[in-house]
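Colleague: Can you read through this structure? Questions will come right after.
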Amino acid sequence: MSFSEFLFRFLPFFLTITFVKGVINFILPIWFIDIYLALALASIIQFKFNFFSIIALFFIGIMRSFDGYYPLLFFSLLYIFLFWLKEVGKKFLKQENIYFPYLFCLISIFIVLFFQLFIYFFRLNLYSITYNFLFWVFMKSLFWLAMTFLFTCLFLKTLRFIIDDHKDK
Amino acid sequence: MSKKKAIVVILLIVLLAGSILAKKDPGKGFLGYLMSPLWRAESVLGEGLRDFLQKYLFLTSVKEENRLLKERILSLQQELAYFKEREALYERLEKIYKISERTKYPQVVAKIIYKGIDPYSEVMIIDKGSRDGIMPQMPILALAEGKGVGLVGQVVEVHRNWSKVILLTDPSFAVDVKVLRTQDRGIVRGKAEPLVSLEFLPLYSQAKEGDLVVTSGQDLLFPSGLLVGEIKKILKDPQGLFQRGEIQPYVDIYNLSYVVVLMKTPDLAM
């Protein structure tokens with residue numbers, strides 16, 4: 001990502017998504033989607049590993065940390081780690097394969113889900129956890145995973161449209 | 001892996017671990033300060049849209065609701081006369097026997113400017129911070145429409161002009177409660193779901209569905225008598241030592257615009 005792409009393409013898109021998400025949040029208070037993770041994964045796939053891509057992920061991660069009870073840098077570092085993981089993954093998987101981005105997204109969402117569930121159960125202080133409750137958490141996580149994956153695909157297409165289509169002109 | 005990359009990875013892992021273990025985020029207050037105008041704009045637009053949808057798109061049931069409300073007013077007027085008489089009697093008794101201590105804490109009304117979306121935690125951000133006298137662990141209350149005031153959550157992070165609040169439904173929230181009818185004590189804990197858990201209710205307790213649950217004041221964090229919710233389900237605990245249940249919070253915590261911060265700090269240093 002170049003500086004101009006970051007400033008004139010990514011940043012306005014990011015701020016728009018953040019604003020729209022914040023507004024919809026007042027109307028629909030419960031969503032099982034992680035919009036910021038979807039945007040981060042789409043950016044990881046779309047952009048090359050450089051300074052501005054890392055800054056973009058840093059911003060997304062910081063905004064994500066306000067959504068829950070997490071430390072400020074937690075998600076920024078996690079997204080940058082996933083970015084590095086993609087670079088490593090490229091060496092082991094053929095990037096020509098069209099399934100690579102989707103496979104990477106799924107693995108990444110699983111990694112983030114693992115971290116979130118770990119923190120969730122660490123904070124949860126229930127005396128007795130029933131199978132009903134565990135089943136509900138499992139279903140919720142599954143739905144969250146599916147919706148985040150769908151939104152990642154959607155953001156990937158949008159980012160390609162915003163960055164690549166304008167680049168050709 | 002080259003030496004340089006290994007150093008970067010180790011540095012990332014150390015930073016990640018540090019960010020989890022760190023108790024304070026130095027830049028968070030400033031970033032929140034920068035973001036607060038955007039959050040305010042989001043809340044104004046979001047609430048406007050929500051009110052519009054509630055006022056104009058859901059008018060279909062208004063006529064029927066109006067008829068039911070008229071009937072309700074008639075029965076309430078009768079009840080009111082009865083309770084006025086009771087209140088006068090209660091006030092006289094209170095003066096004579098001092099049966100309840102009315103401890104009043106100062107209150108600050110705050111606007112909710114941001115609601116977090118996370119399936120595993122329930123937080124929101126209010127527009128009052130340390131400059132308004134807010135401190136961590138202060139209770140958050142809100143008006144339940146037509147019912148009274150109920151507990152909403154607790155302040156966890158305070159910055160200069162904004163604060164983070166965990167809701168009743170957050171996994172790290174816990175409050176000592178008692179069932180209003182039977183006076184049995186228990187602990188209410190959130191689990192990131194619309195209903196909260198009631199635990200450690202004694203086996204002999206006669207609490208049943210529909211009973212109101214209020215704060216007991218025994219945890220020294222929340223004053224006694226704050227409405228928490230209504231029991232939806234009572235079950236025997238799988239461990240066999242207690243009963244447990246599910247509680248519907250009294251306040252519709254997902255559709256709030258304003259909350260009240262009770263300026264009460266813990267009675268003892270925790």
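The values are calculated or read from the model by the stated rules, or taken from the named source; none is laboratory data. What you see is a predicted model, and the numbers here were worked out from it, not measured in a lab. These accessible areas exclude ligands, DNA and RNA; they are computed on the full protein's heavy atoms, side chains included. Shrake-Rupley method; radii C 1.70, N 1.55, O 1.52, S 1.80 Å.
Colleague: Excluding residues fewer than 8 places away in the same chain, name every one of the lysines whose C-alpha is closer than 26 Å to that of B:K28.
Modeller: Cα-Cα hits under 26 Å: A:K21, B:K111, B:K115, B:K128, B:K164, B:K191, B:K264.
Colleague: Still on this model: For chain A, what percent of Cα pairs sit more than 28 Å apart? Can you show the working numbers first?
Modeller: Numbers: 3373 of 14196 pairs.
Counting pairs separated by more than 28 Å, the tail of P(r) holds 24 percent.
Colleague: May I pose another question? Normalised by the residues of region B:107-262, what does the relative contact order come to in percent, with Cα pairs under 8 Å and at least six apart?
Modeller: Numbers: 435 pairs, mean separation 37.8, N = 156.
Value for region B:107-262: 24 percent.
Colleague: Please count, across region A:24-169, the pairs of lysine residues with Cα atoms under 16 Å apart that sit 8 or more places apart or on different chains. All intermediate terms of the calculation are to be shown ahead of the outcome.
Modeller: On the way: A:K48/A:K86; A:K48/A:K90; A:K48/A:K91; A:K48/A:K167; A:K86/A:K94; A:K157/A:K167.
Qualifying lysine pairs in region A:24-169: 6.
Colleague: Using a 1.4 angstrom probe with every protein chain in place, what is the largest-first accessible-area order of A:Y79, B:Y90, B:Y105, A:Y131? Mind showing how you got there, number by number?
Modeller: Values: A:Y79 0, B:Y90 95, B:Y105 70, A:Y131 195 Å².
Order by accessible area, largest first: A:Y131, B:Y90, B:Y105, A:Y79.
Colleague: Just to be sure I understand the rule: take each whole DSSP H helix in chain A, project its Cα atoms onto its long axis, keep it if the span is 18 Å or more and its mean Kyte-Doolittle hydropathy is at least -0.5. Which ones pass?
Modeller: Numbers: long enough: A:11-27 (25 Å, 1.76); A:51-65 (21 Å, 2.01); A:74-92 (27 Å, 1.02); A:100-123 (34 Å, 2.05); A:131-160 (43 Å, 1.22).
Those that pass (Cα extent of 18 Å or more, hydropathy at least -0.5) are A:11-27, A:51-65, A:74-92, A:100-123, A:131-160.
Colleague: Run the helix sum for chain B: -39,500 (n - 2.57) per DSSP H stretch of 4+ residues, divided by residue count, reported at 222 nm to the nearest 500 deg cm²/dmol.
Modeller: Values: 3 runs with 80 residues, N = 270.
-10500 deg cm²/dmol, from helical runs alone.
Colleague: Once the Cα atoms of helix B:62-97 and of chain B are each reduced to a long axis, what angle between those two axes, in degrees from 0 to 90 to the nearest 10, is obtained?
Modeller: Approximately 80 degrees, to the nearest 10.
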